[in-house]
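> Attaching a single structure in structure tokens format; questions to follow.
The values are calculated or read from the model by the stated rules, or taken from the named source; none is laboratory data. Every value quoted in this text rests on a predicted model; they were computed, and no experiment measured them. No Cβ is skipped: glycine too gets one built from the backbone with ideal geometry, and neighbour counts run over all protein chains shown. Protein only, heavy atoms only, side chains kept; ligands, DNA and RNA dropped before computing areas. Shrake-Rupley method; radii C 1.70, N 1.55, O 1.52, S 1.80 Å.
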Amino acid sequence: MARYKQINNKRIKLTAKEEAILNERESLAPTPFEKAIKILREDRNKLLAETDYLALSDQTLTDEMKKYRQDLRDITKGLTTEKKVKAKKFPTKP
């Protein structure tokens, strides 16, 4: 299907080169799933960073904290749709 652009109120068909550029840009655009998983990962990384000091070599992590941090790292496993990402709940910090 041909695509068009507007120049000086005139409808002009895109050239093959313009079509190719537009197709490439569209193929690079993130999908709703990619946007949602990116946000989930960013939020997860913030929560992990809040407890990083507990994982230093001079600290001893409780089993509950180990499980919490592992659950955070595993939160993206098995997520394949935007709906699944948005339904995911973060574990409760001990």
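> For the chain, with a Gaussian network of springs between Cα atoms less than 10 Å apart, report the residue from ARG25, ARG73, ARG11 with the top mean-square fluctuation.
In the Gaussian network model the winner is ARG11.
> Taking amide H atoms as placed 1.01 Å from N in the peptide plane, list the residues 5 or more away in sequence, or in a different chain, whose amide H sits under 5 Å from that of LEU61.
none
> Within a Cβ distance under 12 Å of GLU19, other residues only, what is the Lys/Arg minus Asp/Glu net charge?
Charge balance in the 12 Å sphere: +2.
> Right, another one. I want to verify a result. In a Gaussian network model of the chain, Cα cutoff 10 Å, which of these has the top mean-square fluctuation: THR51, THR76, THR15?
Between THR51, THR76, THR15, it is THR15 that shows the largest mean-square fluctuation.
> Springs between alpha-carbon pairs under 10 angstrom, Gaussian network model over the chain: which of LYS13, LYS38, LYS46 fluctuates most?
Fluctuation is largest for LYS13.
> For the chain, what does -39500 (n - 2.57) per DSSP helix run (n ≥ 4), summed and divided by total residues, give at 222 nm, in deg cm²/dmol to the nearest 500?
When only DSSP H runs of four or more count, the value is -16500 deg cm²/dmol.
> Tally Lys/Arg at +1 and Asp/Glu at -1 over every other residue whose Cβ is under 11 Å from the Cβ of LYS5; what's the total?
That sum, taken over residues with Cβ under 11 Å, equals +2.
> Let me ask another. Output the 0 to 90 degree angle, nearest 10, between the alpha-carbon long axis of helix 63-73 and the longest principal axis computed from the alpha carbons of the chain.
10 degrees
> Another question about this same structure. Pairing the Cα long axis of helix 32-51 with the longest principal axis of the chain, what angle in degrees results, from 0 to 90 and rounded to the nearest 10?
30 degrees
> Taking only protein heavy atoms into account and a 1.4 Å probe, give the accessible area per residue of the chain in Å².
81 Å²
> Using only Cα atoms, find the angle between the long axis of helix 16-28 and the longest principal axis of the chain, and express it within 0 to 90 degrees, rounded to the nearest 10.
20 degrees
> With the contact rule set at Cα under 8 Å and sequence spacing of 6 or more, what percent relative contact order holds for the chain?
Working: 53 pairs, mean separation 25.0, N = 94.
Across the chain, relative contact order equals 27 percent.
> What net charge is computed for the residues neighbouring ILE75, neighbours being all others with C-beta under 10 Å from the C-beta of ILE75, Lys and Arg scored +1, Asp and Glu -1? List each step's numbers first, then the result.
Details: positive: ARG41, ARG44, ARG73, LYS77, LYS88, LYS89; negative: ASP43, ASP71, ASP74.
That works out to +3.
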